[in-house]
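Visitor: Sharing a structure below in structure tokens format, with a few things to ask.
What follows draws every value from the coordinates through simple rules; no lab data is involved. Since this is a predicted model, take the numbers as computed values, not measurements. So basically every Cβ, Gly included, is an ideal-geometry build from the backbone, and we count neighbours across all protein chains shown.
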Amino acid sequence: MTRGWIFPMVLVVCGSLLATLLVVQGSAAAAAPLLVLFVLLAGVHSPLAFPRSIGAEEARRRSALDGRPVVYWRAGCTYCLRLRFRLGRGARRAHWVDIWRDPAGAAAVRAANNGDETVPTVVVAGRPHVNPDPAWVRAQLDRSG
């Protein structure tokens, strides 16, 4: 299991334990919505909430060809999640790199952030932008076609 799945799995296990406790105490009606809530939270914080990630080298190559931004992210990052949801369907047009799955992506983020793995880091035309405004990223996606 990769690091990106640890937090979602903890949410599912905790939700299951709490739901089981409620069922044992006789509150089965309260257990089901609680379990559903925990599963939904796990899904939102999992890699499933993001477009398919590619490697940093491939993302740079594709960005050089089509001019689209490269978004470096990691699962569980609330700022990455905010960017992803604010971009909506347009998020698929960017090139997403999960820094927990790609060591080259993590190295690129550290190089852009003085050794820190601060995400989201969005690279547009070779220039990194740390935690940019989602509206600005959307405008960059619109410019790239």
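Visitor: Residues with beta-carbon under 9 Å from that of SER144, excluding SER144: net charge, scoring Lys, Arg +1 and Asp, Glu -1?
Guide: Numbers: positive: ARG68, ARG93, ARG143; negative: ASP66, ASP142.
Charge balance near SER144 sits at +1.
Visitor: At 222 nm, what helix-only mean residue ellipticity would the chain give, in deg cm²/dmol to the nearest 500, using -39500 (n - 2.57) for each DSSP H run of four or more?
Guide: The helix contribution divided over the chain gives -17000 deg cm²/dmol.
Visitor: I've got another one for you. Considering only DSSP beta bridges where both residues belong to region 50-143, give the percentage that are antiparallel (nearest 5). Spell out each step's value before the answer.
Guide: Working: 7 of 11 bridges.
Here the antiparallel bridges make up roughly 65 percent for region 50-143.
Visitor: Kindly put SER27, SER63, SER53 in sequence by how many other C-beta atoms sit within 10 Å of each C-beta, fewest to most. Working shown, then result.
Guide: Values: SER27 13, SER63 19, SER53 24.
Ordered from fewest to most neighbouring Cβ atoms within 10 Å, SER27, SER63, SER53 come out as SER27, SER63, SER53.
Visitor: Regarding region 3-48, what's the average projected area of the Cα-atom convex hull, expressed in nm²?
Guide: Numbers: hull surface 10.5 nm².
Here the figure is 2.6 nm², rounded to one decimal.
Visitor: How fast does the chain diffuse by Stokes-Einstein, in µm²/s, taking the Kirkwood radius from C-alpha pairs at 10 °C and 1.306 mPa s?
Guide: Details: Rh = 16.3 Å.
Estimated diffusion coefficient is 97 µm²/s.
Visitor: For region 50-143, what relative contact order do you get, as a whole percent, if you take Cα pairs closer than 8 Å and at least 6 residues apart? Walk me through the numbers on the way to the answer.
Guide: Working: 151 pairs, mean separation 32.4, N = 94.
Here the relative contact order equals 34 percent.
Visitor: I would also like to ask the following. Provide the gained length on full extension for the span ASN114 to LEU18, in nm with one decimal, where the gain is 0.36 nm per separating residue minus the Cα-Cα distance.
Guide: On the way: separation 96, 0.36 × 96 = 34.56 nm, distance 4.18 nm.
Between ASN114 and LEU18, full extension yields an extra 30.4 nm.
Visitor: Excluding PRO47 itself, calculate the net charge of residues whose Cβ lies under 13 Å from the Cβ of PRO47, where each Lys or Arg counts +1 and each Asp or Glu counts -1.
Guide: Neighbourhood net charge equals +3.
Visitor: Per the Kirkwood formula on distinct C-alpha pairs, the Rh of region 85-145 is how many angstrom? Mind showing how you got there, number by number?
Guide: Values: mean 1/r = 0.0823 Å⁻¹.
12.2 Å is the Kirkwood radius here.
Visitor: Taking R0 as 22 Å, what's the FRET efficiency between ARG52 and TRP136 from their Cβ-Cβ distance, rounded to 0.05? Write out the running numbers ahead of the final one.
Guide: On the way: r = 23 Å, r/R0 = 1.06.
Efficiency at R0 = 22 Å is approximately 0.40.
Visitor: Which value in nm describes the separation of the simple spin-label points at LEU34 and MET9, placed 7 Å from the Cα toward the beta carbon?
Guide: Distance between label points: 2.4 nm.
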